[in-house]
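Student: Structure incoming, see below.
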Ligand code: SF4
Ligand code: SF4
C-alpha cells in the first residue's frame, strides 16, 4: 500500500471514530472536543486532496471560531453539574425516527450517485489551490458568491437588531 | 534525493523549533529586565552574569514544585490544556521565513520550516486554535474564576480575530499572495508594507496584543478580578507551560509583524551588501553570509517587537472588558473595513496612475 | 472627548515616551548584600545587653522590659548576686537567664524605653541574621551581652553626625565600632 493510501485509511478511521465519539460521549464538552478533532481530520482529508485553502479555512472558521462559540455556550450551561436528566421514551423514539429517516435519505441519495472517475490526462492537481478557487468564485460563480455574502450580511444585521438594547432596557 | 530533502527539512524544523524555544526562554528574562529598567530597577541580576541564568533557575523551580491537580478537576483535560497551549504556540513558527536561501554543496536550502502557499492562513488558523488551550484548561479546573477567564479568552480571541483578518486582507490585496515567503520577497528594496499600510499595521498590532493575551488586553488572567484567570488552579510546570506559551506567541507574532509589515529579512542597502560579499567571497560563501546578515536583521526586528510588547506592558494599564469589546467591534473592525476599501481603491486606481507616471 | 483623545494613540505614545525615559534613567537600586545603606542613627536592630565602664552587666532583672514588650518576646530568670561577683554584676540582683525570642520581637524598641538601668538597647548597626533553624530563634545572654573588647556605642544621633562619622570610619580615623561577626 502506498503511504498516501494508508494515511487516508488512518485519517478516515480517526474521522469516523471521533465523529462517533461526538454522539457517544456523555459529557457535552467532550462531544465538542471530539467534534473539533473531527474537523481536524476533515482538514487532513482536504490536504490529501490538495485543497489547502479549504483545509485552512475549515480550521479557521469551524475549529477556530464556531467551535469556540459552541464550547463557550456549553461551558456556560455546564457551570452547575447537570446530571444526565432522564429523557423520556417519547423523546428517544422521536429522535430515533428522525435520525433513521435522515440516514435512509442520505444513504439512498449517495447510493445512486456516480462519481466520475478522474481522468489522469485532464486532471489538474492545482484545482484546489487558492488561485484557481478564487478565479472560479469570482468568474463563473460570481452571482451565487455575492448572494451568499448578502445572505450573511442580512443575518448579521438581524443579529445586531436582536442584540440591540431597547430604550429603557438595562443590560448591566 | 527524497531522503536528503527530508533530512534537511527535519533539521530546519528542528532549528526553528529550538530557536523559538530559546528566544521564548530568554523573553522571560528580557521581560523582567525590561520591567525592572522601566521601573528604575535592575531586574534579575543574581543568577549568572546579568541574571542570564534566570530562565534556567525558573525552570528548575517550576519542575520541582508540586504538580497539583484539583480533586474535582477533569484530569485529562486539565493536563491537555497547557499542552495544547504549547502545541499551538509552537506550530505557528513553522512557516516563518527566517531568511532567504542557504547554499550548501550546490543545494539551496530555504530558511523556512515549511514553505506553503497558504502560509498566512496557516498562521491564522493556528492563532485561532490558540484559545483552546486556555478554554480547556480553564474549564477543566472546575473553578469559577478559571471558567470566567476561559470565557473571556474565547470571546476576546474571536472578536479580535475578525479585525485581525480584515487588516490582513489589505496586505493580501497588495501582495496577491498568501505565502509568507512571497510577501517578504515582494518587500525587497525598502518596499516595506508599513509605508503603504500604516492603518492596517496599527490594527494588526492591536489585535496581536489581544490575541497573545498581553497587557493591555490580558483580561483572561486579570488578577484584580479573577484571581489568576484561567490558570488559577495551575501550578508547577503546567503553569510554566502556559506562561511559556505566552512568550512563544509573543515571539511568533513579533516575527509575523516584521514579516508582514517590516520586510522580514530585507534591509536597506541589501543589494549592495550582497554584491560586495559575493564579489569578495564567491557566490557560495558570500551568498551565505549575506543570508546570515538578513536573518540577523530579521531577528533584530522580531526582538524589537518583543521589546515593544514588553514596553507596552509596563506602560499601559489594563482595559476594562466592555472597553475591550467596544474597541474591537466598534472601532477596529470598521477601521479595518475602511482600510480595505482604501487599499482596494488605491490598488485599482492609484497604482496604475503612479506606475504610468513613473515610466 | 475629542477625536484625538478617543484615538488613544497620542496618549499611548506619550506614555511610551515616559517609560522609555525611565528605561534609560539611572537606577536607584542598592545591591544589598554587597552594598549596605546607612539605616540612620536610631535604627532598631538586634538587641544588646550593655555592661558599664567596669564591665559589669547593668541589667537588674527587674522585668520592666518584659512587661513593656508588646510581643512578649522577653523572658528572664532573676538571681541574687553572691559575694565575689561584684565585678560581674552591677546590681544585687541580676538576670541569670535573659532570652529574647527573635521571631516574636517586632523591634519596636519599647524594652529600650522601659529599662530603668539603661541595660537593653537595640543596635543601630546590626540586623538579626536570617534563621535557618528553630534553635537559632531564641537568643540568650551569650549572644546578647556586650563584649567588652568591642563595645557598642552610638555616637551619632542625627543623620549629619552619622554621615560625618561614617566618613571618618571610611577614612580609618575612627575604628571603635567594628560590626561583630554574628554567630
Ligand atoms: S523591641 Fe519591642 S518587641 Fe522586641 S523585645 Fe523589645 S519590647 Fe519586645
Ligand atoms: S533589661 Fe532593664 S528593664 Fe529589662 S530586666 Fe534588665 S534592668 Fe530591667
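The values are calculated or read from the model by the stated rules, or taken from the named source; none is laboratory data. Please read all numbers here as calculations on a predicted model, not as lab measurements. Neighbour counts are summed over all protein chains in view; Cβ atoms, including those assigned to glycine, are modelled from backbone coordinates with ideal geometry.
Student: Does residue C:46 count as within 12 Å of ligand 1 (Cβ to nearest atom), surrounded by 14 or more Cβ atoms within 10 Å (Cβ to Cβ) and within 25 Å of residue C:106 (Cβ to Cβ)?
Tutor: Taking the combined requirement at face value, the residue satisfies it.
Student: Filter the range B:148-164 down to residues that are touching a residue at least 60 places away in the same chain (Cβ under 8 Å), at the interface with chain A (Cβ under 9 Å from one of its Cβ atoms) and either surrounded by fewer than 23 Cβ atoms within 10 Å (Cβ to Cβ) or not in a helix (DSSP H, G or I) (or both), then give me how many there are.
Tutor: Result for the range B:148-164: 2.
Student: Test residue B:302 against the stated conditions and say whether it is surrounded by 12 or more Cβ atoms within 10 Å (Cβ to Cβ) and within 14 Å of residue B:160 (Cβ to Cβ).
Tutor: Taking the combined requirement at face value, the residue does not satisfy it.
Student: If you take the residues in the range C:91-106 that are buried (at least 18 other Cβ atoms within 10 Å of the Cβ) and away from ligand 2 (no atom under 13 Å from the Cβ), which one is farthest from the other protein chains (Cβ to nearest Cβ)?
Tutor: Taking the candidates together, the pick is C:105.
Student: Another one. Restrict the check to the range A:102-116 and report whether at least one residue is within 14 Å of chain B (Cβ to nearest Cβ) and either assigned to a helix (DSSP H, G or I) or modelled with pLDDT of 80 or more (or both).
Tutor: The answer is no, given that none of the residues of the range A:102-116 is within 14 Å of chain B (Cβ to nearest Cβ) and either assigned to a helix (DSSP H, G or I) or modelled with pLDDT of 80 or more (or both).
Student: Let me ask something additional. Going by the conditions given, is residue C:78 in contact (Cβ under 8 Å) with a residue 12 or more places away in the chain, more than 14 Å from ligand 1 (Cβ to nearest atom), closer than 19 Å to residue C:138 by Cβ and buried (at least 17 other Cβ atoms within 10 Å of the Cβ)?
Tutor: No.
Student: Exactly one condition in (1) away from ligand 1 (no atom under 12 Å from the Cβ); (2) within 17 Å of the chain's Cα centre (by Cα); (3) within 25 Å of residue C:157 (Cβ to Cβ) is not met by residue C:32; state its number.
Tutor: That leaves (3) as the condition not met.
Student: Regarding the range B:87-100, can at least one residue be identified that is surrounded by 15 or more Cβ atoms within 10 Å (Cβ to Cβ), within 14 Å of another protein chain (Cβ to nearest Cβ) and farther than 25 Å from residue B:238 by Cα?
Tutor: Checked against the condition, which is being surrounded by 15 or more Cβ atoms within 10 Å (Cβ to Cβ), within 14 Å of another protein chain (Cβ to nearest Cβ) and farther than 25 Å from residue B:238 by Cα, the range B:87-100 yields at least one hit.
Student: Given the residues A:23, A:74, A:29, A:60, which is the only one that is more than 8 Å from chain B (Cβ to nearest Cβ) and closer than 24 Å to residue B:156 by Cβ?
Tutor: A:74
Student: Select from the range C:111-129 the residues that are surrounded by fewer than 19 Cβ atoms within 10 Å (Cβ to Cβ) and within 11 Å of ligand 2 (Cβ to nearest atom) and write down the one among them that is nearest to the other protein chains (Cβ to nearest Cβ).
Tutor: C:112
Student: Next up: Does residue C:97 satisfy the criteria of being away from ligand 1 (no atom under 16 Å from the Cβ), in contact with a strand residue (DSSP E or B) (Cβ under 8 Å, 6 or more places away or on another chain) and modelled with pLDDT of 90 or more?
Tutor: So residue C:97 fails the test.
Student: Hey, does the range B:257-280 have a residue that's under 22 Å from residue B:184 (Cβ atoms), exposed (fewer than 15 other Cβ atoms within 10 Å of the Cβ) and touching a strand residue (DSSP E or B) at 6+ places or on another chain (Cβ under 8 Å)?
Tutor: Scanning the range B:257-280, I find no residue that is under 22 Å from residue B:184 (Cβ atoms), exposed (fewer than 15 other Cβ atoms within 10 Å of the Cβ) and touching a strand residue (DSSP E or B) at 6+ places or on another chain (Cβ under 8 Å), so the answer is no.
Student: Restricting to the range C:59-90, what's the tally of residues that are within 10 Å of ligand 2 (Cβ to nearest atom) and over 25 Å from residue C:153 (Cα atoms)?
Tutor: 2
Student: If residue C:131 satisfies all but one of (1) under 18 Å from residue C:41 (Cβ atoms); (2) more than 13 Å from ligand 1 (Cβ to nearest atom), what's the number of the condition it fails?
Tutor: (1)
Student: Still on this structure, I have one more. Is there a residue being within 17 Å of residue C:58 (Cβ to Cβ) and without any contact (Cβ under 8 Å) to a residue 24 or more places away in the chain anywhere in the range C:81-91?
Tutor: Taking every residue of the range C:81-91 in turn, at least one turns out to be within 17 Å of residue C:58 (Cβ to Cβ) and without any contact (Cβ under 8 Å) to a residue 24 or more places away in the chain.
Student: Spot the failing condition for residue B:32; the list is (1) modelled with pLDDT of 80 or more; (2) under 23 Å from residue B:303 (Cα atoms); (3) exposed (fewer than 15 other Cβ atoms within 10 Å of the Cβ), and only one is missed.
Tutor: So the condition that residue B:32 fails would be (3).
Student: Looking at B:194, B:118, B:202, can you tell me which residue is within 10 Å of another protein chain (Cβ to nearest Cβ), under 23 Å from residue B:268 (Cα atoms) and surrounded by fewer than 24 Cβ atoms within 10 Å (Cβ to Cβ)?
Tutor: B:202
Student: Working carefully through the options C:44, C:56, find the one that is within 16 Å of ligand 2 (Cβ to nearest atom) and either within 14 Å of another protein chain (Cβ to nearest Cβ) or more than 21 Å from the chain's Cα centre (by Cα) (or both).
Tutor: Checking each option against the conditions leaves just C:56.
Student: Is one or more of the residues making up the range C:142-153 away from ligand 1 (no atom under 16 Å from the Cβ), surrounded by fewer than 11 Cβ atoms within 10 Å (Cβ to Cβ) and in a helix (DSSP H, G or I)?
Tutor: yes
Student: What are the residue pairs meeting all of these: first residue in the range C:9-31, first residue more than 7 Å from every other protein chain (Cβ to nearest Cβ), second residue modelled with pLDDT of 85 or more, Cβ atoms under 6 Å, and 6 or more apart or on different chains?
Tutor: From the range C:9-31, no pairs qualify.
Student: Of the numbered conditions (1) modelled with pLDDT under 85; (2) under 22 Å from the mean Cα position of the chain (by Cα), residue B:311 satisfies every one except a single condition; which is it?
Tutor: (1)
Student: Also, I was wondering about something else. Tell me whether the range B:130-147 contains one or more residues that are at the interface with chain A (Cβ under 9 Å from one of its Cβ atoms) and over 19 Å from residue B:83 (Cβ atoms).
Tutor: Taking every residue of the range B:130-147 in turn, at least one turns out to be at the interface with chain A (Cβ under 9 Å from one of its Cβ atoms) and over 19 Å from residue B:83 (Cβ atoms).
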